[in-house]
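For reference, the structure discussed in these notes is given below.
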Amino acid sequence: MKDIFDMRAEVAKALSHPVRLRVIDFLLEQNEACVCDISEAISEGQSTTSKHLAVLKDAGVLSSRKDGLMVFYRLETPCVRNFFQCIDEVLLTDMQGRQRVLAAKETIS
């Protein structure tokens, strides 16, 4: 039986690809979208996009519904927006720290 850390790792792994992050970013702005619209928005082929959508859906990040021949995807949990905000804060803090190190190095030189 999987524990919470294994399950968290599965979700984190699904989120650990730039294409999948672009998909999520696009779907944060849309209520839902078909594969054709998603692939166009992220500049990837439909086959590649479908594979990434399947990974996100298997991890529980996305849900889908079929309408005729078209499949529409949406975020199952829009709280992923908070995850993006947290990552951006980590990046900003790291960048500021690196800038301080570089500034200190310049005053020594």
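No value in this document is a laboratory result; all are computed from the given coordinates. Everything numeric here is computed off the predicted structure, so don't read it as measured data. Using ideal geometry, Cβ is built from the backbone for each residue, glycine included, and neighbour counts are taken over all protein chains shown.
Okay, here's what the table says:
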item	result
Under 18 Å from the Cα of LYS2 - lysines, other chains or at least 8 residues apart	LYS13
Sequence-distant residues sharing a close amide H with VAL71 (under 5 Å, placed H)	VAL35
DSSP H segments from the chain that extend 27 Å or more along their own axis, Cα-based, with Kyte-Doolittle mean of -1.0 or above	80-108
Relative contact order (%) - criterion: Cα under 8 Å, at least six apart; region: the chain	23 percent
Highest-fluctuation residue, ASP25, ASP88, ASP58 considered, GNM on the chain with Cα pairs under 10 Å	ASP88
Read-out P(r) over Cα pairs in 5 Å bins from 0, in percent, derived from the coordinates shown; its label in (i) 2, 8, 12, 12, 7, 5, 5, 8, 10, 10, 7, 4, 2, 2, 2, 3, 2, 0; (ii) 2, 11, 19, 19, 14, 10, 8, 6, 5, 3, 2, 1, 0, 0; (iii) 2, 13, 27, 27, 22, 9, 1	(ii)
Partners for LYS57 among aspartates and glutamates (Cα-Cα distance below 12 Å; same-chain residues under 8 apart left out)	GLU10, GLU76
Relative packing of peptides 48-54, 5-11, 94-100 - highest average C-beta neighbours within 10 Å first	48-54, 5-11, 94-100
